[in-house]
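Since the structure comes first, as structure tokens, the remarks are kept for the end.
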Amino acid sequence: MTTDTPIDAAAQRLAVVRDAMDRAARLTDRSGDDIRLIAVSKTHDATAIRPLIEAGQRIFGENRVQESQEKWPELRAQWPDVELHLVGQLQSNKAAEAVALFDVIHGLDRPSLLSALAKAMDAVGKRVPCFIQVNIGAEDQKGGCAIADTPALIAAAREADIPVLGLMCVPPADLEPAPFFALLAKMAREEGLPRLSMGMSGDYETAIMLGATDIRVGTALFGSRPAPARPIPGSGRGMIRNSRAT
Ligand SMILES: *Cc1c(COP(=O)(O)O)cnc(C)c1O
């Protein structure tokens, strides 16, 4: 194992995930080839990302605009066919930068952000396809549109000529995810939306069996991330800050 190059190691991790994707897809009479694997490279630098690109991976996800601006222009100059997705929450004042940098945005979750994105897209004449993020577990501290407000947000996005690909969610961390994936799939069916961005390293096989078309996998491809800075006790901001694009 010590003679493995970084590309060999990346190719191995990629093969393990691809195999698991294929198995989960076949169990529900689908093909793994129909599911997009988004390699979530947040916190990992170009040295960690490059071997995975060289192993063939082409779709990457980040959760912070500024971190992506620092890492990706150079990598994309070298590999122009790489597709970059924003998978975290987005602040409205970063909408223009996000529209400039990303090919797909997964965190559209409120009318104010919708307006900012529509304005930013109009300004540069570019439509960036979006997933509507749903707060599927109705968690106070989580981003995402409330379930009851989601149909109106989808309608508003269509009205503003923002291409809506489908729905996205991050289920509650401490509960069985399957019911939440099933609920998101039901909501997407009711809205006639074809794609579902759901499933991370710990639950992507379950997500695929429940209809995921786009899975967002970080740890299983890159190894564990450095622990985030501890929230200041009582500030109540730690969990939000950790997932928010800044
Ligand atoms: C970090 C992150 C992921 C990937 O998580 P892993 O557990 O490392 O696979 C997926 N989706 C979102 C929104 C994330 O922030």
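The values are calculated or read from the model by the stated rules, or taken from the named source; none is laboratory data. As the structure is a prediction and not an experimental result, all values here were calculated from the model. All Cβ positions, glycine included, derive from the backbone under ideal geometry; neighbour counts span all protein chains shown.
Details
- Only listed residue being closer than 24 Å to Ser92 by Cα and among the acidic types (Asp, Glu), chosen from Asp174, Asp140: Asp140
- The criterion of at least 3 residues that are at pLDDT below 95, at positive phi and surrounded by 15 or more Cβ atoms within 10 Å (Cβ to Cβ) is met by none of the strands (runs of 3 or more DSSP E) falling completely within segment 7-96.
- Scan of segment 203-226 for residues that are more than 8 Å from the ligand (Cβ to nearest atom) and under 13 Å from the mean Cα position of the chain (by Cα), ordered by number: Ala212, Thr213, Asp214, Ile215
- Flag if Arg58 is more than 16 Å from the ligand (Cβ to nearest atom), among the basic types (Lys, Arg) and either touching a residue at least 40 places away in the same chain (Cβ under 8 Å) or within 30 Å of Leu113 (Cβ to Cβ) (or both): yes
- Scanning segment 102-145 for residues that are in a helix (DSSP H, G or I) and either polar (S, T, N, Q) or within 19 Å of Ser68 (Cβ to Cβ) (or both) yields a total of 8.
- Exactly one residue out of Ala46, Ala39, Ala116, Ala96 is in contact (Cβ under 8 Å) with a residue 24 or more places away in the chain, hydrophobic (A, V, I, L, M, F, W, C) and within 13 Å of the ligand (Cβ to nearest atom): that is Ala39.
- Of the helices (runs of 4 or more DSSP H) lying entirely inside segment 146-246, those carrying at least 2 residues that are at pLDDT below 95 are 238-243.
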